[in-house]
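The values are calculated or read from the model by the stated rules, or taken from the named source; none is laboratory data. Note that the structure is a prediction, hence the values are computed from the model and not measured. Note that each Cβ is placed from the backbone with ideal geometry, even for glycine, and that neighbours are counted across all protein chains shown. Please note that ligands, DNA and RNA were not included when accessible areas were found on the heavy atoms of the full protein model with its side chains. Shrake-Rupley method; radii C 1.70, N 1.55, O 1.52, S 1.80 Å.
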Amino acid sequence: MAPNPERLLRANPRRQLKERLVKALVAAAALLSVLISIAIVASLVVRALQFVTGLMAPTADTMDEATGPVSLWNLVADQWAPRFFEFGIGTLIVGSLLVTVIAMALATPIGLGAAIYLSEYADARVRRIVKPILEVLAGIPSVVLGFFALRWISPNLVQVIFPSAGGQNLLAAGLGVGLLTIPLIASISEDAMASVPDALRQASAGLGARKRRTTLSVVLPAAVSGLVAALIVAVSRAIGETMVVFLAAGASGNSAQFTANPLDRGSTMTAAMASQASGTDGTISELGFNSLFFVGFVLFVITLLLNLLADRFVRRVRQSY
Amino acid sequence: MTEQSSSRIDQSAAVAGYASALDVEPKGPTVMNLDQVSVYYGDFRAVRDVTMPVYEHEITAMIGPSGCGKSTVLRSLNRMNDLIPTARVEGSISYMGVDLYGPNVDPVEVRRRIGMVFQKPNPFPKSIRENITYGPKIAGIAKSEWPALVESSLRSAAIWDEVKDRLDDSALGLSGGQQQRLCIARAIATKPDVLLMDEPCSALDPIATGRIEDLMQQLKDEYSIVIVTHNMQQAARVSDHCAFFTTEVDADSERRTGQLVEFSETTRIFSNPSDERTENYVTGRFG
Ligand SMILES: Nc1ncnc2c1ncn2[C@@H]1O[C@H](COP(=O)(O)OP(=O)(O)OP(=O)(O)O)[C@@H](O)[C@H]1O
Ligand SMILES: [Mg+2]
């Protein structure tokens, strides 16, 4: 008997239901993650605004004997000391900048060099051994590195080269953060370079290029978006790194004087937030507590801008191909 | 210069030697000579005992079943095999009388004299112009000469008219056939003597293939060409001499090792081969 074509083609309601269910589930997951992000940003913005309006409308609680009622001018104070309503956020921004620049200055050449070695020069056996080690290194808890920066880098390196430096300083913190980001840069860059098709290397070699020329003129440009991604991840990690700075840069009691000298003690946005949230300062005043969100908001904006910038850069480099 | 002229003398001596050994009439001077060449990957001998010349201003084709070592031999002609860590060459391969694997030979210089076009078009993800100038740039040719070189190379590769208005566009925007001609132009731009082509048309449609075949005939005047092809008609159409390879189970290792069965004028390979295996292969009867 010939099969009934209508039966053959008939939709199966159970399967259609399942399909819809799956779709709803994944859509919910996507929605949830977007909502959570929005909620976080919103809470940051609300509290940051509260902080700013708090500065603009001083009360009896936000009065400091020495400096008088608070105002927006407190944002440009030459120190960060929420306890005394000194909210010189420039101190923290410059601190973060110093630590990040030092970290990247250390980690970029070493990380990229390691990636180039692994992807272009090392034989398969070396790569098989070293790559997993790198990935383990990337997972070292930052508190360990913070301790290392404080107890080893600072006395044995920084203070030897710069005898004027104190035991805790931004340079040691920056170097510690740099160590933390080397495996990150190396690992992501190596992935990016390894995904460049071998046919391009062969084309280059076939035209009489030496290995270093092939690496510089063919492999690195072809991997550029991955390399930029590696650097962005590293910068984000460096800006966001809290523990190393907290331990090694030494802004105690959550106060830091403005400085652009890496040999001084200092603080960064994240370290200040951590000490603000964990210390007793938070209970002193609402304004002081809200300053934490303000710093968080500034940090968020900086990282966002960084990502946008990197995105534009990658797109421009790609287009020139 | 003096080195070159002295090597020309070695070379004509070599030609005489090959002429008797291979029982072919030399049409002209050879540019390369392979003598008892075996290539290994690790312990595995992929091809053994290949002895054949490459004549100047001719197209030499290599044909044979898959895995018989055509690409392996081709890659050993400009030391591209060096890029494979396990690969090793035995015997001698000379270019204008100089042993390519001699102790004082720089493989990079070898590749500048003996260019290569690959099976799959592999343009750099750069502009058309940059693809052409890549070789001249690393060879240290003055920047002022690049524009002329770009035009002449693209003209030689019969693609100038199609790309002259978009030299700064990405090479990846070209069709497969155009990309392959660009790769030929790129190889020509370094002004090599010999062009090695590994199945240059296998990724192309018949029209693009036809254009590349025409192109090879034109290039013959200036270059000596070695082409690997799976396409017997192509070998018959374009080549002057033809080398037929096959595989045989190696007595020692029990693995299939490639070997050269017959090297001769193309007309002879296709009309009157001296080896039965060649005849079976070119007439489509295997084994
Ligand atoms: N990189 C390599 N490592 C190990 N063995 C290889 C490598 N390249 C090729 N071989 C082996 O060498 C032999 C010859 O390979 P080759 O690629 O030269 O053959 P071919 O004649 O070009 O074949 P095809 O027509 O399929 O391209 C094969 O047995 C192959 O498996
Ligand atoms: Mg092949």
Quick check on my filter: what residues within the range B:49-84 are of a type in the set (A, V, I, L, M), open to solvent by less than 10 Å² (accessible area, probe 1.4 Å) and within 14 Å of chain A (Cβ to nearest Cβ)?
B:L74, B:L77, B:M80
Meets criteria (acidic (D, E) and outside any strand (DSSP E or B)) for B:E262:
no
Any chance B:R129 is modelled with pLDDT of 90 or more, within 14 Å of chain A (Cβ to nearest Cβ), under 15 Å from the mean Cα position of the chain (by Cα) and within 24 Å of A:A222 (Cα to Cα):
no
Among the helices (runs of 4 or more DSSP H) contained in the range A:127-220, which hold 2 or more residues that are within 30 Å of A:G95 (Cα to Cα) and open to solvent by less than 40 Å² (accessible area, probe 1.4 Å)?
A:142-148, A:170-194
Looking at (1) surrounded by fewer than 21 Cβ atoms within 10 Å (Cβ to Cβ); (2) among the hydroxyl-bearing types (S, T, Y); (3) touching a Pro at 6+ places or on another chain (Cβ under 8 Å), which is the one condition that is false for B:S175?
(3)
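The rows are residues; the columns are (1) away from ligand 2 (no atom under 16 Å from the Cβ); (2) among the β-branched types (V, I, T); (3) more than 30 Å from B:L182 (Cα to Cα).
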position	(1), (2), (3)
B:Y40	yes, no, yes
B:I63	no, yes, no
B:M80	no, no, no
B:R88	yes, no, yes
B:S92	yes, no, yes
B:G102	yes, no, yes
B:K126	yes, no, no
Give the residue that is nearest to the chain's Cα centre (by Cα), with candidates limited to residues of the range B:231-242 that are part of a loop (DSSP other than H, G, I, E, B) and of a type outside the set (G, A, S).
B:D240
Any idea which residue in the range B:183-207 is nearest to ligand 2 (Cβ to nearest atom), counting only those that are surrounded by fewer than 20 Cβ atoms within 10 Å (Cβ to Cβ) and assigned to a helix (DSSP H, G or I)?
B:P206
Which condition does A:L98 not pass, out of (1) under 18 Å from A:G266 (Cα atoms); (2) more than 23 Å from the chain's Cα centre (by Cα), if it passes all the others?
(2)
Among the listed residues B:A171, B:A236, which satisfies the condition of being small (G, A, S) and either over 30 Å from B:R48 (Cα atoms) or within 16 Å of ligand 1 (Cβ to nearest atom) (or both)?
B:A171
Residue hits (the range B:249-266; away from ligand 2 (no atom under 16 Å from the Cβ) and either open to solvent by less than 70 Å² (accessible area, probe 1.4 Å) or modelled with pLDDT of 90 or more (or both)) are B:D250, B:S253, B:V261, B:E262, B:F263, B:S264, B:E265, B:T266
Restricting to the range B:208-230, count the residues that are touching a helix residue (DSSP H, G or I) at 6+ places or on another chain (Cβ under 8 Å), within 16 Å of ligand 2 (Cβ to nearest atom) and assigned to a loop (DSSP other than H, G, I, E, B).
1
Specify the residue that is farthest from B:F44 (Cα to Cα); the eligible residues are those in the range B:70-103 that are in contact (Cβ under 8 Å) with a residue 12 or more places away in the chain and of a type in the set (D, E).
B:D82
Out of the residues in the range B:141-172 that are open to solvent by less than 60 Å² (accessible area, probe 1.4 Å) and among the small types (G, A, S), state the one that is farthest from the other protein chains (Cβ to nearest Cβ).
B:A158
